[in-house]
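Below is one structure, written out as structure tokens; comments come after it.
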Protein chains: 8
Amino acid sequence: MSTQPVVGIVMGSDSDWPVMELAAQVMDEFGIGYEADVVSAHRMPQEMIAYGTDAAGRGLKVIIAGAGGAAHLPGMLASVTPLPVIGVPVPLKYLDGMDSLLSIVQMPAGVPVATVSIGGARNAGLLAVRILAAHDPALLARMGEFQAELKAQATEKGRKLRERIGS
Amino acid sequence: MSTQPVVGIVMGSDSDWPVMELAAQVMDEFGIGYEADVVSAHRMPQEMIAYGTDAAGRGLKVIIAGAGGAAHLPGMLASVTPLPVIGVPVPLKYLDGMDSLLSIVQMPAGVPVATVSIGGARNAGLLAVRILAAHDPALLARMGEFQAELKAQATEKGRKLRERIGS
Amino acid sequence: MSTQPVVGIVMGSDSDWPVMELAAQVMDEFGIGYEADVVSAHRMPQEMIAYGTDAAGRGLKVIIAGAGGAAHLPGMLASVTPLPVIGVPVPLKYLDGMDSLLSIVQMPAGVPVATVSIGGARNAGLLAVRILAAHDPALLARMGEFQAELKAQATEKGRKLRERIGS
Amino acid sequence: MSTQPVVGIVMGSDSDWPVMELAAQVMDEFGIGYEADVVSAHRMPQEMIAYGTDAAGRGLKVIIAGAGGAAHLPGMLASVTPLPVIGVPVPLKYLDGMDSLLSIVQMPAGVPVATVSIGGARNAGLLAVRILAAHDPALLARMGEFQAELKAQATEKGRKLRERIGS
Amino acid sequence: MSTQPVVGIVMGSDSDWPVMELAAQVMDEFGIGYEADVVSAHRMPQEMIAYGTDAAGRGLKVIIAGAGGAAHLPGMLASVTPLPVIGVPVPLKYLDGMDSLLSIVQMPAGVPVATVSIGGARNAGLLAVRILAAHDPALLARMGEFQAELKAQATEKGRKLRERIGS
Amino acid sequence: MSTQPVVGIVMGSDSDWPVMELAAQVMDEFGIGYEADVVSAHRMPQEMIAYGTDAAGRGLKVIIAGAGGAAHLPGMLASVTPLPVIGVPVPLKYLDGMDSLLSIVQMPAGVPVATVSIGGARNAGLLAVRILAAHDPALLARMGEFQAELKAQATEKGRKLRERIGS
Amino acid sequence: MSTQPVVGIVMGSDSDWPVMELAAQVMDEFGIGYEADVVSAHRMPQEMIAYGTDAAGRGLKVIIAGAGGAAHLPGMLASVTPLPVIGVPVPLKYLDGMDSLLSIVQMPAGVPVATVSIGGARNAGLLAVRILAAHDPALLARMGEFQAELKAQATEKGRKLRERIGS
Amino acid sequence: MSTQPVVGIVMGSDSDWPVMELAAQVMDEFGIGYEADVVSAHRMPQEMIAYGTDAAGRGLKVIIAGAGGAAHLPGMLASVTPLPVIGVPVPLKYLDGMDSLLSIVQMPAGVPVATVSIGGARNAGLLAVRILAAHDPALLARMGEFQAELKAQATEKGRKLRERIGS
């Protein structure tokens, strides 16, 4: 992370890190500068508001926010920044993340949150890359390569499966 | 409302008023001073934070907050006030208020919201009265009378039903 | 619990105690007198009715009731006391507490239950403190301190996370 | 209803009557004495307890109870009577009766409620008839005839459909 | 089971027995004759139809049927017998029994199934006892004693809990 | 329908016809002989069993069965015929067909039902055509043409939309 | 698998194989030629389109496709082949396969997918056999024998259960 | 739309236009060039693949895709383009868009879709603007102004509400 952070990865509690870490790994894979922090909407609301308000000025281009249950962090950040905010529904002990998903995705008209799947922090990272790549031909090409690698891996898995069942 | 407001009734949009009005009617029935306002978590976040932060100092004892969808208002207010906050899940066009309910009730440990039923603003008002009555013998007695009236009405409904079917 | 109980913590079965204990711990943390008991709506209905009917006269200010499945205890107590009743949806083996939540929160107009999250007994305790604090400046200040502690803990967690990932 | 009531049809509010009336019609069809009343668990809890406690002594054999939302009436009656209690989930404005269904059917071990479909008061009536018929050969035969009539009607519907489409 | 069976306990597969066994235990507790069998709606449909058709003639008074997933057994039996049929939703590997519950409880008008809670075979047994007791004063009294025992156990649990926390 | 029926379209009640008629229209479009009938699992169980048992012998190749709520018809037919059975979840007044869907699709291992979308009788018809076409090159080609027509219609809709917004 | 493949079993990832293998076992039991492969809608979309487009020409009669979450594979294949496509909702870590089920079954009018139960790959295999059997009297008879075996097994299970409980 | 399209708004059918039009209006409000088209995943799969494959090369920066039910369009486009794809769950006649939401948001790791609320096409448009603004200071400032306007409107609604109730 020697480069200047352009993606902010935040979460309501450090207990969300095992999920959110997957977003950070994507940043490392694509060589994108990022920062990670605990920014709790409910336990440090003023600091959370400040984080969102200052984000664009500090050079961030995208915010990834993970939260569980009554997951208010992504939506509150989106309300105080003009930047795109990606929300990751973190599943808690009960309800399999359905509460987290609805709390994040069902934002009122005016304040969007780009929601990914339950526990889908890796996709949140990849979405951040796509957003950055929309104005960065080199990164767009890198994303294309990444997709080609996905295809190669899936194709290889198919080859092995066919081999295994002798077809 | 000549009396000093002790209950704050807030909502994310004036479109929630037809639901939230039922809470205000309870205040009128019990002669309790209240204020009502639009305080949107997503459209006026700083003002929302300020509303919650100042509430106790301004003499409020209870806050009733209604919101729909990704309903962040009750939880965010609860994070900046030590007062009891009552959340009313306002049903939107889809999902019958299930998203509103989960977004309000599933708060993380540390920051409670007293949640009532979907669209249950009348009960939010009555809950505020009970909270005030816990330290006000006269109001507690008045709540007891209210419950006796409920019983009388239900009993009368039973009498009419029995009459109607001739039993 | 040398002090006079002002909060009653009741549950349908002693199997709910591992969940409900968290509410009792809050009472201890805030130095609030409480009592705890098994009061089953379905197995000892008359005693349950008596418990609710006598609660205010015995000096209780708030009742916290936990129940699972067809969770009738909070609502039934609310029907026979003018005090605020807090309901804790206890999750059972199936359905992740969704049945408990709906059975508690969806009360008819006239009889409110202040519902907290599934398994959220700690928040039930904190809500009881807030209700008591609404008329007790010292307790209100203590709740403010508690919230500051929450913030300090979250801030420290953020510091450690930033340290760990070297940002 | 000149005959002695053996079935009690109760509901939380007279607004449930349009649903519950279908149970009463079954009683009329089968010539079974019944009574109908408003017995609200939440608005007249003592009277509700008394109703259930006295039911067997007054000659009732089966109780049919309809309720919506946090539907406590069937389960509470079942807790104070040894008679079979049939619960009808009455759908309210939101959630399509799913809250009513779960609040009625998910009773704890020890206190059963015989639950029928959402809004299924007609089936509640027919279930009461079957319960009575289990010890009444004439009524059992009458239920067999009823089922034969159902078959005849369905068969006739099939004949008309085939005729209509010319098959 | 020396006595003549009056309750038939059937299930779609012997894998349902660990759940359904709880119904059989109730029969033993109350000294009621019963039979238990595998009667699969989907694997032995003709025999299932025959089981239901012959049940009343063989002296059965109540049928308890457990099934999971697309749980057709209770409803199909109810369609070929005039006896009361109690349905037990057996939870399978996925969906926590919600599919089983809806498949059993949502019967069309004309053919009722008395549905109990997910996995609630013990309550199915107790409901069968209540149905038999409706015409059997001795059994009704025994059910009353059973309910008194439930109360005594719950009361004792409360005493121990109070003792444990020193209140 | 001058041709010999190879597809049987059955439903639990003639009230399902407005939904199921869409399957019949597909048969007409593709010139496939079909029959339609009311075959209620719950009101005429023996006839339903007979219908399924005799289907293959009468020359049917595919059965389409629509049902709502506790929708047992498709699964019961599948248990008595070796033919492919297509199930159409018919939505009832409550629950938007979710009960119908789960009751049809969640069949136990051994007895499959080919389930289509809620209210998706047109797709049930098209699935029947595909099943027949698997062994009928001319019909397979006709299905290919049908898919080309779908594409042409969608393409034309796109053209009109682009025209309308001037893009 | 010495015979020419007539059934194609495909899945989005080799991690789906433990579920989908059950479909392949059915092919072996019935002596039907099949092929199995990884064909990911999201990781190798062009190859997936090609697989579906070529399927009929290569001699396949039925395609079985398993997928989880936003399960697009069955529906996309159905859009490019006139053959019957059977969809198997594979359950992922969260939501118990409900997302997979809805993503597969709720296809728009025009493009059907024959959906089986969550994780129901064995039934997908059996459905494929029924589809093939619709035009193959020998295979149809074999399916009839299979159903008779199911009955024999269920009957034997019943015998053992009756023996075990001494009834 | 005289400017070069940088946002592509596509949908499965022109019946989705009343919902998706809200995204186009945002483009007009912010002066962003866009194109709109019907691109059905299920009715014109090859053209859909081509649309996604060519999008970046044609100068598009963001794709907004709306779809209902088994909503495959957003995910399939995301699989063939490296650009950010925003998915709008369009609610259909049943299930209130819950099927559409899950089909869009629950994408497997590797291929993200930025999902907005059910029917939330306006937010999809605003999210596209934020994505474009991340690299366009003028547009970022314009988004800041838009958010200030939202605040002004909400504040004015609050003023009118306070006026109306005389507080």
Q.
For a test of the definition: using alpha carbon positions, the gyration tensor, and the 1.5 limit on a/c, classify region G:1-87 as rounded, prolate or oblate.
A. oblate
Q.
I'd like the accessible area for E:His72, computed on protein heavy atoms only with a 1.4 Å probe and all protein chains in place. Round to 10 Å², please.
A. 0
Q: Using DSSP to define loop residues, name the trypsin sites (Lys or Arg not before Pro) in region H:87-167 whose beta-carbon has at most 10 other beta-carbon atoms within 10 Å.
A: none
Q) Where both residues lie in chain D, what percent of DSSP beta bridges are antiparallel, nearest 5? A) 0
Q: Sort the protein assembly as shown into rounded, prolate or oblate with this rule: let a ≥ b ≥ c be the square roots of the eigenvalues of the Cα gyration tensor; rounded if a/c is under 1.5, and if a/c is not under 1.5, prolate when a/b is larger than b/c, oblate otherwise.
A: oblate
Q.
Checking an interface number: how much accessible area is buried between H and B, summed over both chains, with a 1.4 Å probe, in Å² rounded to 100?
A. 1500
Q) Among D:Ser13, D:Val80, D:Ala23, whose Cα sits farthest toward the positive end of the charge dipole of chain D (+1 at Cβ of Lys/Arg, -1 at Cβ of Asp/Glu, about the Cα centre)? A) D:Ala23
Q: Can you grab the distance from the C-alpha centre of region E:24-56 to the C-alpha centre of region F:4-64, Å, no decimals?
A: 31
Q: Quickly estimate the mean residue ellipticity at 222 nm for chain C, helices only: each DSSP H run with n ≥ 4 gives -39500 (n - 2.57), and the total goes over all residues, rounded to 500.
A: -15500 deg cm²/dmol
Q. How much FRET efficiency would the formula 1/(1 + (r/R0)^6) give for H:Gln25 and B:Glu156, where r is the Cβ-Cβ distance and R0 is 35 Å, rounded to 0.05?
A. 0.05
**Q.** Debye, to nearest 20: dipole size of the protein assembly as shown, +1 on Lys, Arg Cβ, -1 on Asp, Glu Cβ
**A.** 0
**Q.** Neighbouring partner chain Cβ atoms per residue of A:20-28, average, 10 Å criterion
**A.** 1
Q) Which residue of chain C is nearest the rotation axis onto chain F, counting by its Cβ, and what is the distance in whole Å? A) C:Met98, 7
Q. In whole percent, how big is the carbon plus sulfur part of the accessible area of region A:46-167, probe 1.4 Å, protein atoms only?
A. 55
Q: Among DSSP beta bridges whose residues both lie in the protein assembly as shown, state the antiparallel percentage, nearest 5.
A: 5
Q. Rounded, prolate or oblate: which fits chain G when a ≥ b ≥ c are the square roots of the eigenvalues of the alpha-carbon gyration tensor, with rounded for a/c under 1.5 and prolate only if a/b beats b/c?
A. oblate
Q) Can you list the residues of region C:123-167 with backbone N under 12 Å from a point 7 Å past the Cα of A:Lys93, pointing along Cα to Cβ? A) C:123
Q. Remind me, relative contact order of region E:10-74 in percent, using alpha carbon pairs under 8 angstrom and six or more residues apart?
A. 43
Q) Using alpha-carbon positions, what is the distance between the centroids of region F:109-145 and region H:82-102, in Å? A) 26
Q: Can you tell me the FRET efficiency between G:His135 and F:Ala148 if r is taken as the Cβ-Cβ distance and R0 is 25 Å, rounded to the nearest 0.05?
A: 0.50
**Q.** Mean separation of Cα contacts under 8 Å (6+ apart) over length of region G:59-119, as relative contact order %
**A.** 36
Q: Check cross-link reach from F:Lys93 to the aspartates and glutamates: straight Cα distance under 13 Å, and skip same-chain residues fewer than eight apart.
A: D:Asp96, F:Asp16
Q. How much of A:Asp16 can a 1.4 Å solvent probe reach, expressed as accessible area in Å² and rounded to 10?
A. 20
Q) With contacts defined as alpha carbon pairs under 8 Å and 6 or more residues apart, what's the relative contact order of region E:7-135 in percent? A) 27
Q: Over region B:1-44, average the accessible area per residue using a 1.4 Å probe and give it in Å², no decimals.
A: 33
Q. If you build a Gaussian network model of chain D, linking Cα atoms that sit under 10 Å apart, which residue out of D:Gly57, D:Gly33, D:Gly12 swings the most?
A. D:Gly57
Q | Check: chain F dipole with +1 on Lys, Arg Cβ and -1 on Asp, Glu Cβ, in debye | A | 600
Q) GNM on chain D, C-alpha springs below 10 Å: top fluctuator among D:Ser100, D:Ser15, D:Ser79? A) D:Ser15
Q) Say the cut-off is 28 Å between C-alpha atoms; which of D:Lys61/E:Lys151; B:Lys160/C:Lys61; F:Lys157/H:Lys61; F:Lys61/F:Lys157 go over it? A) B:Lys160/C:Lys61; F:Lys61/F:Lys157
Q: State, to one decimal in nm, how far the label point of G:Gln46 lies from the label point of D:Ser15, with both points 7 Å from Cα in the Cβ direction.
A: 6.1
Q.
Using the basic label-point model (7 angstrom from Cα toward the beta carbon), what is the E:Ile165 to E:Thr3 distance in nanometres?
A. 4.2
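The values are calculated or read from the model by the stated rules, or taken from the named source; none is laboratory data. None of the values given here were measured: they were computed from a predicted structure. When we count neighbours, we look across all protein chains shown, and the Cβ atoms used for this are built from the backbone with ideal geometry, even at glycine. Keep in mind that these areas ignore ligands, DNA and RNA; they rest on the heavy atoms of the full protein, side chains included. Shrake-Rupley method; radii C 1.70, N 1.55, O 1.52, S 1.80 Å.
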